[in-house]
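**Student:** Sharing a structure with you now.
The values are calculated or read from the model by the stated rules, or taken from the named source; none is laboratory data. This one's a predicted model, so the numbers in the text were calculated from it and none came from an experiment. Here the Cβ is made from the backbone with ideal geometry for all residues, glycine too, and neighbour counts use every protein chain on show. Each accessible area value is taken on the protein alone, full model and side chains, heavy atoms only, with ligands, DNA and RNA left out. Shrake-Rupley method; radii C 1.70, N 1.55, O 1.52, S 1.80 Å.
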Amino acid sequence: MNPEVSIVTPVYNGEEFLEEYFQNILAQTFQNWECIIVNDGSTDNTLSIIEKYAVLDKRISYYTIPNSGIPKVPRDMAIGMAKGNWIVPVDADDLIINDYLEKILLRANTTNADIVLPQMYFFKNNQKEKPLHILPLKKFDKNRILSGKEAVMYTIFDVQIGTNGALIKYTLSQNLSRFRKEINHLRADEFDMRELLLNANSVAFSDAVYFYRQHSKEVTKKITAKSFDYLITDYETKKLIEKHFVKDSLQVKQMQKHRVLGLVSRRILWFKHKSKLSENQKNEARAIFENYTQDICCKYYFDFSVWQKILYFALLQFKLK
């Protein structure tokens with residue numbers, strides 16, 4: 001008998017979190033699941049921990065691949081091997097409550113939604129009881145059933161919902177072009193989730209809680225050329241939004257505004273941290289700026305304040321030396 005749910009997890013050098021991750025999965029009150037974990041060429045003790053749990057529970061399977069450098073590659077591999085009626089991506093350093101699968105599946109069954117989104121609790125330093133931020137926002141009506149087009153706009157600009165740990169109908173994930181090689185940047189999972197939302201008939205929300213771990217500043221703020229991949233994600237998402245919404249619609253304008261803010265934030269990042277980059281990394285970052293921001297112009301500042309317009313315009317004029 002096939003499992004009802006396939007939990008798919010990419011992992012790279014995750015030995016610090018894997019014991020807790022597996023204990024968390026094994027504690028689920030809903031039992032008809034499989035867990036597919038793809039080891040992305042880890043160099044620490046990751047593989048031995050995975051092997052231990054795969055022996056303990058036959059519902060856990062694993063594969064090792066050469067390091068790809070981005071989570072999308074091992075995640076897509078895991079999705080491609082899934083046998084469940086539903087897919088649930090869970091990162092190896094994140095956690096879910098013990099009745100997570102039970103709650104989120106119940107919501108899917110009662111709403112007939114293609115995607116069900118959980119509550120996301122952002123935490124650090126193992127302090128799950130003191131979340132730094134919660135999505136959906138308090139003002140958001142979690143009882144609403146949205147179309148995919150409605151839902152995706154809540155992930156852009158004024159972000160009100162979170163998508164990590166989403167319950168995704170298997171047929172939806174398999175029907176999309178999930179394995180496109182050209183979408184291979186660091187934040188490609190954000191693009192993929194937006195594409196899934198746009199192709200979903202309906203999206204519901206559950207009170208199942210997904211704990212998203214925010215790492216220490218030293219881990220997450222290491223500046224490399226990949227720190228500027230945000231611009232690639234925004235560019236690809238812009239094309240996706242233009243495909244699904246009419247020209248000059250509010251949705252397209254909001255996406256362009258989102259891109260302006262993203263460009264400004266990456267410019268600031270460049271000026272603050274460029275000294276930490278090697279010359280090759282600087283050239284790679286410059287190429288990202290050049291290739292993915294040429295179509296951004298001031299006309300998309302449609303409802304910024306005057307001072308914001310002046311500041312942003314000034315920032316965009318500086319050469320990336």
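**Student:** Give, as a single signed number, the net charge of other residues whose beta carbon lies under 12 Å from the beta carbon of residue 64, with Lys and Arg counted +1 and Asp and Glu -1.
**Tutor:** Residues close to residue 64 contribute a combined charge of -2.
**Student:** Using the Karplus equation 6.51 cos²θ - 1.76 cosθ + 1.60 (θ = phi - 60°), what ³J(HN,Hα) coupling, rounded to whole Hz, does each residue of segment 230-243 give in order, writing x for Gly and Pro?
**Tutor:** 3, 5, 5, 4, 4, 5, 5, 5, 4, 5, 5, 5, 5, 5
**Student:** Sticking with this structure for a sec: With a bin width of 5 angstrom, please list the P(r) values of segment 1-91 as percents of all Cα-Cα pairs, from the 0 bin to the one holding the largest distance.
**Tutor:** 3, 15, 28, 27, 18, 7, 2, 0
**Student:** Another question about this same structure. Within the set 103/138; 72/226; 72/142; 239/272; 128/276, which residue pairs have Cα atoms separated by over 23 Å?
**Tutor:** 72/142; 239/272; 128/276
**Student:** When the chain is modelled as a GNM with alpha-carbon springs shorter than 10 Å, which of 159, 116, 55 fluctuates the most?
**Tutor:** 55
**Student:** By how many degrees, between 0 and 90 and to the nearest 10, does the Cα long axis of helix 46-56 differ from the longest principal axis of the chain?
**Tutor:** 30 degrees
**Student:** Looking at the square roots a ≥ b ≥ c of the eigenvalues of the Cα gyration tensor of segment 64-203, which shape do they give, rounded for a/c under 1.5, prolate if a/b is larger than b/c, or oblate?
**Tutor:** Rounded shape, in that the Cα axes give a/c under 1.5.
**Student:** For segment 1-145, what does the relative contact order come out to in percent, with C-alpha contacts under 8 Å and a separation of six or more?
**Tutor:** After rounding, I find 29 percent.
**Student:** Once the whole set of protein chains is in place, how much accessible area is left on residue 59, using a 1.4 Å probe, in Å² to the nearest 10?
**Tutor:** Roughly 60 Å² of residue 59 is accessible to a 1.4 Å probe.
**Student:** Can you give the accessible area of residue 102 in Å² (nearest 10), computed on protein heavy atoms with a 1.4 Å probe?
**Tutor:** Only protein atoms counted, so the area is about 90 Å².
**Student:** Next question. If I take R0 = 30 Å and measure r between the Cβ atoms of residue 129 and residue 171 in this structure, what FRET efficiency does the formula 1/(1 + (r/R0)^6) give, to the nearest 0.05?
**Tutor:** 0.20
**Student:** Something else about it: Per residue, how much accessible area does the chain show when a 1.4 Å probe rolls over the protein heavy atoms, in square angstrom?
**Tutor:** 49 Å²
**Student:** Using a Förster distance of 22 angstrom, determine the FRET efficiency expected from the C-beta separation of residue 239 and residue 144, and round it to 0.05.
**Tutor:** 0.20
**Student:** Rounded to a whole number, what % of the accessible area of the chain do carbon and sulfur atoms account for, probe 1.4 Å?
**Tutor:** 51 percent
**Student:** Which residue fluctuates the most in the chain, going by a Gaussian network model with Cα springs under 10 Å, if the choices are 269, 167, 47?
**Tutor:** Fluctuation is largest for 269.
**Student:** Please give the helix 72-81 orientation as an angle from the longest Cα principal axis of the chain, in degrees from 0 to 90, rounded to the nearest 10.
**Tutor:** It works out to around 40 degrees.
**Student:** For the chain, modelled as a Gaussian network with Cα springs under 10 Å, which listed residue fluctuates most, 89, 131, 71?
**Tutor:** Highest fluctuation of the listed residues: 131.
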